[in-house]
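**Student:** Quick one: the structure is below, and I'll ask about it shortly.
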Amino acid sequence: MGERMTREQFLEKIYQKKYDELKDKDLRLVNVHVPGKEIVLAQLIGASQTRVYQNLGLHIGTHFGEDHTGESIGVLHIVPNEATIVAADVAMKNGTVEVGFLDRFSGCVIILGSHSDVRAALEGVIDFF
């Protein structure tokens with residue numbers, strides 16, 4: 001493994017010729033996130049128990065009274081967050097799945113269905129992104 005770079009070495013590498021002019025001045029570094037299509041997490045959970053659905057909150061809201069015990073769960077985290085809408089659409093076109101949860105503010109999508117359908121849906125989303 002390489003050795004850790006000091007702050008001064010880092011700044012010198014970034015600014016190269018301008019570093020001598022900037023040396024000993026107050027500098028502020030800003031991290032910027034540039035959105036691109038990225039899947040941070042794609043997980044297939046096999047046949048689940050009732051407790052799993054309840055812990056994920058999949059038995060409330062529009063799914064109140066439904067019992068998905070024994071079905072599989074697909075969990076996705078998408079960046080940029082707004083792309084969750086597209087991911088849910090692609091998932092539903094690739095398998096007979098139901099959207100259990102979608103949050104365009106956090107980037108989370110949860111899909112429900114048979115093991116083979118959830119797998120096909122997740123693979124479809126991964127291929128798309």
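The values are calculated or read from the model by the stated rules, or taken from the named source; none is laboratory data. Note that the structure is a prediction, hence the values are computed from the model and not measured. Note that each Cβ is placed from the backbone with ideal geometry, even for glycine, and that neighbours are counted across all protein chains shown. The area values use the complete protein model at the heavy-atom level, side chains included, leaving out ligands, DNA and RNA. Shrake-Rupley method; radii C 1.70, N 1.55, O 1.52, S 1.80 Å.
**Student:** Suppose R0 equals 25 Å; then what is the FRET efficiency for Glu123 and Asp67 from their Cβ-Cβ distance, rounded to the nearest 0.05? Walk me through the intermediate numbers first.
**Tutor:** Values: r = 26 Å, r/R0 = 1.06.
With R0 = 25 Å, the Cβ-Cβ based efficiency is 0.40.
**Student:** Show log10 I(q)/I(0) for region 58-101 at q = 0.23, 0.28 Å⁻¹, two decimals, from a solvent-free Debye sum over equal Cα scatterers.
**Tutor:** -0.92, -1.11
**Student:** Something else: In square angstrom, what is the accessible area per residue of region 31-129 with a 1.4 angstrom probe? Intermediate results must be reported in sequence, preceding the final value.
**Tutor:** Values: 5750 Å² over 99 residues.
On a per-residue basis, 58 Å².
**Student:** Between region 44-93 and region 94-129, what's the alpha-carbon centroid distance in Å?
**Tutor:** 7 Å
**Student:** Mind computing the radius of gyration and Dmax over the alpha-carbon atoms of region 34-129? Å is fine for both.
**Tutor:** Rg, Dmax (Cα atoms, Å): 12.5, 41.
**Student:** Give the calculated FRET efficiency between Leu56 and Ser114 to the nearest 0.05, with a Förster radius of 25 Å applied to their Cβ-Cβ distance. Don't skip to the answer; put the middle values down first.
**Tutor:** On the way: r = 18 Å, r/R0 = 0.71.
Between Leu56 and Ser114 the formula returns 0.90.
**Student:** Shifting gears a bit: Pull out a ≥ b ≥ c, the square roots of the eigenvalues of the alpha-carbon gyration tensor of region 90-129, then state rounded if a/c is under 1.5, prolate if not and a/b is larger than b/c, and oblate in the remaining case.
**Tutor:** Oblate, since a/c reaches 1.5 and b/c is not below a/b.
**Student:** Assuming R0 = 30 Å, can you tell me the calculated FRET efficiency for the pair Arg28 and Phe105, based on Cβ-Cβ distance, to the nearest 0.05? The partial results should precede the final answer.
**Tutor:** Numbers: r = 28 Å, r/R0 = 0.93.
Using R0 = 30 Å, I get an efficiency of 0.60.
**Student:** Something else about it: Where a Cα-Cα gap under 17 Å defines reach, which aspartates and glutamates qualify for Lys25, not counting those fewer than 8 residues away within the same chain?
**Tutor:** Glu8, Glu12
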